[in-house]
Amino acid sequence: MSLIELMIAMAIGLIMILALSRVYLSSAEGAQEAEARAMLVDKLRFLHERFNYEFRRADFWGRVPADAERLGTLSLSGDCDGEFAFGRSAEADASRPLGLWASRDPPTGCSLQNPLTEQSYLAVRYAAEPCAGQCDTPSLSSFYPYIGFFVGSAPALPERGDENDLWRYGGSLYYLSSDETALRRLWISGGKLVNQEVLRGVEALAYRWCVNDGDGENAWLATDQLTPTDMNRVVAVEIEAVVSTTTRATYRETRSYTLSDGTRVASSPGKMYRDLAFVVSLEMHRLGGGDE
């Protein structure tokens with residue numbers, strides 16, 4: 001084999017290697033993007049299921065309707081102040097704690113982990129599950145027409161009551177953290193509120209509330225328009241979300257996302273984004289009735 005033939009063979013081989021490398025790199029980039037898209041679908045599905053689960057439980061108090069009078073006292077370590085408080089003092093209003101509360105103002109008195117500025121905070125509260133006489137955590141007695149909050153020894157049951165009228169008290173305060181742009185929550189665990197990461201990559205959340213005026217008319221309100229009285233008349237909520245996941249460093253999106261509350265999410269290099277909007281009805285706010 002002559003030197004010229006050898007050089008031609010090497011050039012052809014180099015061209016083939018470069019072509020195969022190009023095909024491999026394109027395939028690898030396509031696989032990374034497909035994996036990121038699948039991850040986004042999983043995140044959106046999880047977020048949808050999480051809020052469906054929480055909103056459908058909000059203001060569920062066992063055998064009594066959502067407008068039942070609250071009694072008793074209860075305190076939690078690390079609890080928040082004001083409408084975000086999960087505990088209940090002896091001087092609390094008969095409608096507190098609210099089963100559902102949201103605000104653009106940050107909760108005070110409790111510890112949040114690096115919360116994002118300019119976001120909506122959401123608290124949901126409910127009877128979690130029956131404790132059948134073993135109520136060693138914050139609990140409630142649910143028997144028409146009252147909800148009785150307590151810790152430790154349960155109050156005496158009414159004549160027609162049974163152990164299934166005793167429930168563990170559950171709930172969470174949801175917020176967005178700048179750490180990994182994650183959805184986090186303070187949730188009731190034992191006699192305290194515990195900080196927990198729920199889902200990474202949640203860039204923004206916004207809520208719109210469908211409020212019934214009592215005469216069959218509904219109005220959609222933004223979170224910053226709500227009052228405590230409105231929350232007891234919410235019949236549905238629309239949740240908007242922008243979720244991201246990391247992908248190859250050279251990936252770029254040019255689109256930005258704007259939610260109904262004005263929150264804007266600009267895309268960053270190396271991230272893939274998707275948005276989501278869905279509505280959940282609040283069955284618990286069909287007031288009245290109960291086991292009379």
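The values are calculated or read from the model by the stated rules, or taken from the named source; none is laboratory data. Values in this document were obtained by computation on a predicted structure and should not be read as measured data. Because the Cβ atoms are built from the backbone with ideal geometry, glycine has one as well, and the counts that use them run over all protein chains shown.
Scanning the range 63-80 for residues that are at pLDDT below 90, surrounded by fewer than 20 Cβ atoms within 10 Å (Cβ to Cβ) and either touching a helix residue (DSSP H, G or I) at 6+ places or on another chain (Cβ under 7 Å) or among the hydroxyl-bearing types (Ser, Thr, Tyr) (or both) yields one hit, ARG63. Tell me, yes or no, whether the range 264-272 has at least one residue that is under 24 Å from TYR53 (Cα atoms) and not basic (Lys, Arg). There is no residue in the range 264-272 that is under 24 Å from TYR53 (Cα atoms) and not basic (Lys, Arg). Taken as a whole, the range 174-187 holds at least one residue that is within 20 Å of the chain's Cα centre (by Cα) and on the phi > 0 side of the Ramachandran plot. Checking each residue in the range 225-273 for being among the charged types (D, E, K, R), over 21 Å from the mean Cα position of the chain (by Cα) and more than 18 Å from LEU199 (Cβ to Cβ) picks out ARG248, ARG252, GLU253, ARG255.
With respect to the conditions (1) more than 26 Å from the chain's Cα centre (by Cα); (2) not in a strand (DSSP E or B), PHE86 lacks only one, and its number is (1). Just one residue in the set ARG70, ARG88, ARG45, ARG57 is under 26 Å from VAL242 (Cα atoms) and in contact (Cβ under 8 Å) with a residue 40 or more places away in the chain; that residue is ARG57. Residues of the range 216-223 include none that is surrounded by fewer than 21 Cβ atoms within 10 Å (Cβ to Cβ), acidic (Asp, Glu) and in contact (Cβ under 8 Å) with a residue 12 or more places away in the chain. Selection of the range 222-243 for residues being closer than 23 Å to TYR53 by Cβ and part of a strand (DSSP E or B) yields VAL234, VAL235, ALA236, VAL237, GLU238, ILE239, GLU240, ALA241, VAL242, VAL243. Does GLU292 satisfy the condition of being exposed (fewer than 12 other Cβ atoms within 10 Å of the Cβ) and at pLDDT below 90? So GLU292 passes the test.
Listed by position, the strands (runs of 3 or more DSSP E) contained in the range 102-183 that have at least 1 residues being of a type in the set (D, E, K, R) and either in contact (Cβ under 8 Å) with a residue 12 or more places away in the chain or over 22 Å from SER260 (Cβ atoms) (or both) are 121-130, 166-177.
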